[in-house]
Amino acid sequence: MRIGISVCSAYPEGDARTSARYMVQRARAARDADLDSLFVGDHHVTARPYFQNSPILGRLLAEWNNKPAGALYLLPLWNPVLLAEQIGTLSAIMSGRFILQCALGGERLQSEGMGVDFSKRKGMFEESLTILKALLSGETVSSDGYWSIKEAKISPVPDQAVEIWIGSQASAAINRTARMADGWLATPSIGLEEAAKQLNVYRQSCAEFGREPTAVAIRRDIYIGSTSQEAETLKQKVLAKGYRGFPPEALLAGSVNQIADELRAFADLGYTDIVVRNISADQREAISTIERLAEVKEQLGL
């Protein structure tokens, strides 16, 4: 099992430079904790400050190492040629392999704010991913579908194959993931029992298409306290505020020993990658959680 991190890109109103510095510090802490991958997310037309993925990832890569890194992109919101060019550039400035996480995007207001017809996003997603794969392989692409593209080609082309993970939850979407992607990223809002059920759907879909996934990943929002009581107190506090609408079983909060046991349970199911995201917005608590992940890895023998 591999443990990576998705560095939170959303911050409260205030000094944007301070918030950006916090992201850099978290990436540096993840490197020092020897985490296995580094990611950032993707949102647009947001009600609160949100650092955009391609430029901020470029900055975080300066703190990273030769392990994989990447970003989530909501494909219907991106011109696929522009996105392929950005991935090509990011691949050229990093030492490791680029992992493209992608998803549909389920927020109508976000799509409308970006000028995208929300009802067409499934077709746009598939067309975009098909175009991206071709461009990232060095092919010349023309298309007269959702995007009118004539003889497009990108440079630089990544010198290592870009690994593609699709985030999905519904059975039809998981089936599409098995058909179109190298790996699957399970939704962060489910507990262990539902994670087992969805993994079974994914395995069946992979068998249907004769695919062997490179990664079976899930994101876990996490807090590691100095004691289990401290961690539970924080968990109850954020749940009382309606944390992202998540149920209690979707959040991992505990001591190093407890978190190691909970991650081991996902590994036993067959998940190969756990991508963590800090529950706490407090920088001291976020950094201490990342640092304690080194102890978790040690307990798991990773």
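Bear in mind that the values in this text are calculations on the coordinates, not laboratory data. This structure is a prediction, so every number in the text was calculated from the model and none was measured. Cβ: placed from backbone, ideal geometry, glycine included. Neighbour counts: every protein chain shown.
The shape of region 127-228 comes out prolate: with a ≥ b ≥ c from the C-alpha gyration tensor, a/c is at least 1.5 and a/b beats b/c. Under a 5 Å amide H cut-off, with hydrogens placed 1.01 Å from N, residue 78 pairs with nothing among residues at least 5 apart or on other chains. Here the relative contact order of the chain, from alpha carbon pairs under 8 Å that lie six or more residues apart, stands at 19 percent. Candidates 40, 14, 79 compared by Cα position along the dipole of the chain: farthest toward the positive end lies 14, with charges placed on Cβ.
Relative to its residue count, the chain spans a Cα convex hull of 129 Å³ per residue.
Each residue of region 121-137 was assigned a 3J(HN,Hα) from its phi angle through the Karplus expression (A = 6.51, B = -1.76, C = 1.60, θ = phi - 60°), giving 5, 5, x, 5, 4, 5, 5, 4, 5, 4, 5, 4, 4, 5, 5, 6, 8 Hz with x at Gly and Pro.
On a 26 Å Cα-Cα criterion, which of the cross-link pairs 120/150; 67/133; 67/150; 122/150; 241/297; 67/297 come out too long? Display every interim value, and only then the final one.
On the way: 120/150 22 Å; 67/133 22 Å; 67/150 35 Å; 122/150 22 Å; 241/297 30 Å; 67/297 16 Å.
Over 26 Å apart, Cα to Cα: 67/150; 241/297.
Couplings 3J(HN,Hα) for region 182-191, derived from phi with the Karplus relation 6.51 cos²θ - 1.76 cosθ + 1.60 (θ = phi - 60°), are 7, x, 10, 10, 6, 5, x, 9, 10, x Hz, where x marks Gly and Pro. Here the Karplus relation 6.51 cos²θ - 1.76 cosθ + 1.60, evaluated at θ = phi - 60°, turns the backbone of region 106-120 into coupling constants of x, 9, 4, 4, 5, 4, 5, x, 9, x, 10, 6, 4, 6, 9 Hz, with x for every Gly and Pro.
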